[in-house]
Amino acid sequence: MQFIDLKTQQTPIREDIEQRIKAVLDHGQYIMGPEVTELEQRLAQYVGARHCLGVSSGTDALLIAMMALGIGPGDEVVTSPFTFISTVETIALLGARPVFVDIEPRTYNLDPTLLEAALTDKTRAIMPVSLYGQCADFLAINAIAAQRGIPVIEDGAQSFGATQRGERSCHLSTIGCTSFFPSKPLGGYGDGGACFTDDDELAKRMQQIRVHGQDRRYNHPLIGVNGRLDTLQAAILLAKLDIFPDEVERRAAVAERYRKLLGDMVVVPFVEDYNTSVYAQYTIRVEQRDEMLAALAAQGVPTAVHYPVPLHRQPAFASLGYPHASFPHAEEAARQVMSLPMHPYLKEADQVQIAEAVKVAVNG
């Protein structure tokens, strides 16, 4: 049993992938080739955004988005302490200060009711994370941001394909960012990511920033980065995008089977009625989490913890000066959450086996 099965997915698209890779090898445009443009157009259409820019990773997507907004030393960016470090390290890399807001304990996303108290005259952006495949409450967040004229960046690395009130993830804020890391809902076979926006000027700035800040060859109006999506990854993602809607449905079916099998034993994922989730992870909650991890490992069930240490407690961010008890919901989640195997091709028989292992662990 695998935690994520990336090999089975190849079966229906292997021939298409090989043909697309051959086409790239034949034309030889390995950087910013025609497949990148085609992918950007299709992704923009899928999301409903005016612009899509393929970039080198989800981390670089966040970095480029903040650079386009002019964020730098002395600025503050408000985000969640309960996420992967890339969300916050990109803020720090620009010399800005991460400002944390605790999570809503059912969705694990930034709690909008706590947001306003974290805003100051130094706040240059709000960057909610759409964790585990479900979007943060952007209706509430955007309303607060609009009152102060603060742009909002969605870290949609785990939520591409999810919807909120009929709008897709990455089209819910000023700029939406996602990741195509192989384990993500839409994953390539290497690193990749994308930025989405309806703002023409921001799109232009991000296009320049991802290619060393240039607007034409050897002319650089901006400081930029080497943040391009390579053509081979774009070709692979085009093949995977064809089956992505079906995989989103498959993920939902896997999650529903889990809910029926596990709902009486552990706390299963909660999805707001105005959201759909792509279940990037299937993350349950158990008071005796470490004991459950050990019990499942003994029965051959792979697991993971997303995430065991809130970011305000990471040594890299000790200089921010947050006491350990600053964000009680994030800290409790870090002690209790664990993720079970999750991918579109997870067999029902495997889920039954996992549920039996959980039952054995619960019953001691």
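Read-outs: derived from the displayed coordinates by stated rules, not from any lab. Since this is a predicted model, take the numbers as computed values, not measurements. So basically every Cβ, Gly included, is an ideal-geometry build from the backbone, and we count neighbours across all protein chains shown.
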(message) Suppose the Debye formula is applied to equal point scatterers at every Cα of region 221-322; what is log10 I(q)/I(0) at q = 0.11, 0.17, 0.23 Å⁻¹?
(response) -0.64, -1.06, -1.19
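Per DSSP helix of 4 or more residues, -39500 (n - 2.57); summed, then divided by the residues of the chain. What does that give at 222 nm, rounded to the nearest 500?
Details: 10 runs with 134 residues, N = 364.
Helix contribution divided over all residues of the chain: -12000 deg cm²/dmol.
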(request) Would you mind putting 129-137, 159-167, 246-254, 75-83 in packing order, based on average other-beta-carbon counts within 10 Å, highest first? (result) 129-137, 75-83, 159-167, 246-254
(request) List the DSSP H helices in the chain whose Cα atoms stretch 24 Å or more along the helix axis and whose mean Kyte-Doolittle hydropathy is at least -0.5. (result) 231-262
(message) If I take every Cα pair under 8 Å that is 6 or more residues apart in the chain, average their sequence separation and divide by the length, what percent do I get for the relative contact order?
(response) 22 percent
(message) Sort 213-220, 291-298, 181-188 by the packing proxy (mean of other Cβ within 10 Å over each peptide's residues), most packed first.
(response) 181-188, 291-298, 213-220
(message) What does DSSP give for the chain in terms of the percent of beta bridges that are antiparallel, rounded to the nearest 5?
(response) 65 percent
(request) Mind listing the long-range amide H neighbours of A157? Cut-off is under 5 Å, sequence gap 5 or more, other chains count too, H placed in the peptide plane at 1.01 Å from N. (result) S130, S179
(request) Return, ordered by residue number, the residues of region 257-273 whose backbone nitrogen is under 11 Å from a label point located 7 Å along Cα→Cβ of E348. (result) 257
(message) Residue by residue through region 3-12, what is 3J(HN,Hα) from phi via Karplus (6.51 cos²θ - 1.76 cosθ + 1.60, θ = phi - 60°)? Round to whole Hz and write x for glycine and proline.
(response) 5, 9, 9, 8, 7, 4, 4, 5, 3, x
(message) Straight-line reach from K240: which lysines fall under 28 Å, measuring Cα to Cα and dropping same-chain residues less than 8 apart?
(response) K7, K22, K184, K204, K347
(request) Would you mind pulling out the separation of the Cα centroids of region 1-31 and region 136-213, in Å? (result) 25 Å
(message) What are the ³J(HN,Hα) couplings of region 99-111, residue after residue, when phi is run through the Karplus curve with 6.51, -1.76, 1.60 and θ = phi - 60°? Round to Hz, x for glycine and proline.
(response) 10, 8, 10, 5, 8, 7, x, 8, 9, 6, 9, 3, 7
(request) Can you list which of the trypsin sites (Lys or Arg not before Pro) found in region 7-105 are DSSP loop residues with at most 15 other C-beta atoms within 10 Å? (result) K7, R50
(message) Please list, ordered by chain and number, the residues whose modelled amide H lies under 5 Å from the amide H of H306; skip anything fewer than 5 residues away on the same chain.
(response) S339
(message) Compute, for the chain, the length of the dipole vector about the Cα centre, with Cβ point charges of +1 (Lys, Arg) and -1 (Asp, Glu) only. Units Debye, rounded to 20.
(response) 400 debye
(request) Would you kindly derive the ³J(HN,Hα) couplings of region 300-313 from the backbone phi angles with the Karplus curve 6.51 cos²θ - 1.76 cosθ + 1.60 (θ = phi - 60°), listing them in order in whole Hz, with x for Gly and Pro? (result) x, 9, x, 9, 8, 10, 10, 9, x, 10, x, 5, 5, 9
(message) For K359, give me every one of the lysines with a C-alpha distance below 17 angstrom, ignoring sequence neighbours fewer than eight places off in its own chain.
(response) K260
(request) Compute the label zone of D242 within region 163-186: residues whose backbone N is under 20 Å from the point 7 Å along Cα-to-Cβ. (result) 185-186
(request) Return I223, I17 ranked ascending by Cβ neighbour count within 10 Å, so the fewest neighbours appear first. (result) I223, I17
(request) Would you give the gap between the C-alpha center of region 290-331 and the C-alpha center of region 53-119, rounded to a whole Å? (result) 19 Å
(message) Could you compute how fast region 114-184 diffuses translationally, taking Rh as the Kirkwood radius over C-alpha pairs and applying Stokes-Einstein at 4 °C with viscosity 1.567 mPa s? Give it in µm² per second.
(response) 104 µm²/s
(request) Taking amide H positions as placed in the peptide plane 1.01 Å from N, state which residues far from L110 in sequence (5 or more) or on other chains have amide H under 5 Å from it. (result) E104, V129
(request) Along Cα→Cβ, 7 Å out, is where each label goes; now give me the distance between the ones at V305 and H27 in nm to one decimal. (result) 4.7 nm
(message) For K122, give me every one of the aspartates and glutamates with a C-alpha distance below 14 angstrom, ignoring sequence neighbours fewer than eight places off in its own chain.
(response) D75, E76
